[in-house]
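The values are calculated or read from the model by the stated rules, or taken from the named source; none is laboratory data. Just so it is clear, the structure is predicted and the values come from calculations on it, not from any experiment. Positions of Cβ are generated from backbone atoms using ideal geometry, with glycine treated the same way; all protein chains shown enter the neighbour counts. Side chains are part of the model used for accessible areas, which takes the heavy atoms of the whole protein and leaves out ligands, DNA and RNA. Shrake-Rupley method; radii C 1.70, N 1.55, O 1.52, S 1.80 Å.
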Amino acid sequence: MHLVEFALTKPQSAPEVSADALLRALWEVCEPGDGLEHLRVHTARSGARGVAFLIAPDAASALAHCRGLCRRALERSAELPGWELARPARP
């Protein structure tokens, strides 16, 4: 199991989103191949920080799965318009 830290930023004009809403957005786009076991998030005025616990063969795969999960949530969630993935950054 690998722990991957992630950070999301939001535009200043975007409304704040609760940690529960963000968790829901992430879990809704989770796919079996992501290997996601647990998520923890903390929201703030500037966006959110979190950790994902993923089952993956190596750290690079875990990072890729976390990136994909976050990107899908940002693309599909109506509650996260304009939000961006700040970390983990693309290699």
If I stretch the segment between ALA7 and ALA86 completely, what's the gain in nm (0.36 nm per residue apart, minus their alpha carbon distance), one decimal? 27.9 nm
Ratio of the range 1-49's C-alpha Rg to 2.2 N^0.38 Å, to two decimals? 1.23
When the charge dipole of the chain is computed with +1 at the Cβ of Lys and Arg and -1 at the Cβ of Asp and Glu, the Cα pointing farthest to the positive end, of ALA21, LEU80, GLY35, is that of LEU80
What does the charge dipole of the chain about its Cα centre add up to, to the nearest 20 debye, if the Cβ of each Lys and Arg holds +1 and the Cβ of each Asp and Glu holds -1? 280
Extension gain ARG49-GLU79, at 0.36 nm per residue separation less the Cα-Cα distance, in nm? 9.2 nm
Could you work out how far helix 19-28 tilts from the main Cα principal axis of the chain, as a 0 to 90 degree angle to the nearest 10? 50
What ratio of Cα Rg to 2.2 N^0.38 Å holds for the chain? 1.00
Express the carbon and sulfur contribution to the solvent-accessible surface of the chain as a percent, rounded to the nearest whole number, probe 1.4 angstrom. 52
Lys and Arg at +1, Asp and Glu at -1: neighbours of VAL4 with Cβ under 10 Å from its Cβ sum to +1
Excluding ligands, DNA and RNA, what is the solvent-accessible area per residue of the range 35-91 at a probe of 1.4 Å, expressed in Å²? 57
Using the alpha-carbon atoms, what tilt in degrees (0 to 90, nearest 10) does helix 59-76 show relative to the longest principal axis of the chain? 30
